[in-house]
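Trainee: First the structure, then my questions, so here it is.
The values are calculated or read from the model by the stated rules, or taken from the named source; none is laboratory data. These numbers come from a predicted model, not from an experiment. Here the Cβ positions follow ideal geometry from the backbone for every residue, glycine too, while neighbour counts run over all protein chains shown.
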Amino acid sequence: MKLALLASHNGSAFDAIYSAIANKELVTVELALVISNNTNAKILQKAEAYNIESKLINVNTHMNADEELFITLQQKNIDIIFLAGYMKKISPKITQNFKIINSHPALLPKFGGAGMYGRYVHEAVIASGETLSGVTIHEVNENYDEGAIILQKALLLDENETVESLEQRIKVLEKTAIIEGLAKCLS
């Protein structure tokens, strides 16, 4: 199956997915395409370094960025899309025609929705007094963080947890969750 990775910045999932494919943990998938909406996204440099086709698609490069994204995914025969910190809402045309997977740094349905990404999620978790947080791998639909849950991995918050420490612990947990979630989708 052909996988496209969409990311707006570093695409931290890129390294985990690339390694899992190289190490034969994900045997039925090829990382075929990387797309970013950000000219300065480091993931575009990573893709180039690994000879993976990449493309910049945004409102400055294309009159209709959503349509260009759809056409590109179709032309490349993409089977599955993984959102690796893609900060743009996916159009219904794409969600209805492709299987799209996302990683969210909390245990959905808590701490999801518009504006709930990265550090903002961890701040909200700590401010709420939660004792658990984690990672949710889920399908993507037209609404932020409302697609079917594929898997969740949880961790206990430490007594003196900070936003920074929680963010680092979630990033470690997320690498495992992404690979397990993709493997589950591909089987």
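Trainee: Please tell me if I57 is modelled with pLDDT of 95 or more, over 16 Å from the mean Cα position of the chain (by Cα) and among the aliphatic types (A, V, I, L, M).
Mentor: Details: modelled with pLDDT of 95 or more: yes; over 16 Å from the mean Cα position of the chain (by Cα): yes; among the aliphatic types (A, V, I, L, M): yes.
When the stated conditions are applied, I57 passes them.
Trainee: Which condition from (1) closer than 22 Å to A65 by Cβ; (2) in contact with an Asp or Glu (Cβ under 6 Å, 6 or more places away or on another chain); (3) modelled with pLDDT of 95 or more is the one that I101 breaks?
Mentor: Here I101 meets the rest and fails (2).
Trainee: When you look at S12, is it surrounded by 19 or more Cβ atoms within 10 Å (Cβ to Cβ) and in contact (Cβ under 8 Å) with a residue 12 or more places away in the chain, yes or no? If you could, list the steps in order and put the result at the bottom.
Mentor: Values: surrounded by 19 or more Cβ atoms within 10 Å (Cβ to Cβ): no; in contact (Cβ under 8 Å) with a residue 12 or more places away in the chain: yes.
Answer is no for this residue.
Trainee: Here is a further query. If you take the residues in region 63-100 that are hydroxyl-bearing (S, T, Y) and outside any helix (DSSP H, G or I), which one is nearest to G113 (Cα to Cα)?
Mentor: Keep residues of region 63-100 that are hydroxyl-bearing (S, T, Y), which gives 72, 86, 91, 95.
Retained after the next criterion (residues that are outside any helix (DSSP H, G or I)): 86, 91.
On the way: Y86: 14, S91: 16 Å.
Filtering region 63-100 for residues that are hydroxyl-bearing (S, T, Y) and outside any helix (DSSP H, G or I), the one nearest to G113 (Cα to Cα) comes out as Y86.
So that you can scan it fast, the table gives a plain yes or no per residue for (1) surrounded by 15 or more Cβ atoms within 10 Å (Cβ to Cβ); (2) free of Cβ contacts under 8 Å to residues at least 40 places away in the same chain:
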{"site": "H104", "(1), (2)": "yes, no"}
{"site": "G112", "(1), (2)": "yes, yes"}
{"site": "A127", "(1), (2)": "no, yes"}
{"site": "A148", "(1), (2)": "no, yes"}
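Trainee: State whether the residues of region 143-159 include one that is charged (D, E, K, R) and more than 25 Å from E123 (Cβ to Cβ). Break it down into steps so the answer makes sense when it comes.
Mentor: Looking only at region 143-159, we keep the residues that are charged (D, E, K, R), and these are 145-146, 153, 158-159.
Next cut, more than 25 Å from E123 (Cβ to Cβ) only: none.
No - not one qualifying residue is present in region 143-159.
Trainee: What number of residues in region 146-172 are assigned to a helix (DSSP H, G or I) and within 14 Å of the chain's Cα centre (by Cα)?
Mentor: The qualifying residues number 2.
Trainee: Check region 45-52 and report whether any residue there is under 16 Å from the mean Cα position of the chain (by Cα), of a type in the set (G, A, S) and farther than 19 Å from G118 by Cβ.
Mentor: Yes: one or more hits.
Trainee: I've got another one for you. Pull up region 1-27, narrow it to residues that are among the β-branched types (V, I, T) and at pLDDT 95 or above, then point me to the one that is nearest to S54 (Cα to Cα). If you could, list the steps in order and put the result at the bottom.
Mentor: Just the residues of region 1-27 that are among the β-branched types (V, I, T), to begin with: 17, 21, 27.
Subsequent filtering for residues that are at pLDDT 95 or above retains 17, 21.
Details: I17: 16, I21: 18 Å.
Top of the filtered list is I17.
Trainee: While we're here: Check region 72-84 and report whether any residue there is farther than 21 Å from T136 by Cβ, exposed (fewer than 14 other Cβ atoms within 10 Å of the Cβ) and touching a strand residue (DSSP E or B) at 6+ places or on another chain (Cβ under 7 Å).
Mentor: Filtering region 72-84 for residues farther than 21 Å from T136 by Cβ gives 72-79.
With the extra rule that they be exposed (fewer than 14 other Cβ atoms within 10 Å of the Cβ), the set shrinks to 74-75, 77.
Those left that are additionally touching a strand residue (DSSP E or B) at 6+ places or on another chain (Cβ under 7 Å): 77.
So far as region 72-84 goes, yes, one or more of its residues are farther than 21 Å from T136 by Cβ, exposed (fewer than 14 other Cβ atoms within 10 Å of the Cβ) and touching a strand residue (DSSP E or B) at 6+ places or on another chain (Cβ under 7 Å).
Trainee: Now a separate question. Across region 34-62, what is the number of residues that are in a helix (DSSP H, G or I) and touching a residue at least 24 places away in the same chain (Cβ under 8 Å)?
Mentor: Selection size over region 34-62: 4.
Trainee: Also, I was wondering about something else. A84 versus (1) without any contact (Cβ under 8 Å) to a residue 40 or more places away in the chain; (2) under 16 Å from D145 (Cα atoms); (3) in contact with a Gly (Cβ under 9 Å, 6 or more places away or on another chain): which is the lone unmet condition?
Mentor: (1)
Trainee: Scan L5, L31 and give me the residue that is in contact (Cβ under 8 Å) with a residue 60 or more places away in the chain, buried (at least 17 other Cβ atoms within 10 Å of the Cβ), outside any helix (DSSP H, G or I) and touching a Leu at 6+ places or on another chain (Cβ under 7 Å). Steps first, answer last, please.
Mentor: Details: L31 fails: in contact (Cβ under 8 Å) with a residue 60 or more places away in the chain.
The unique qualifying residue is L5.
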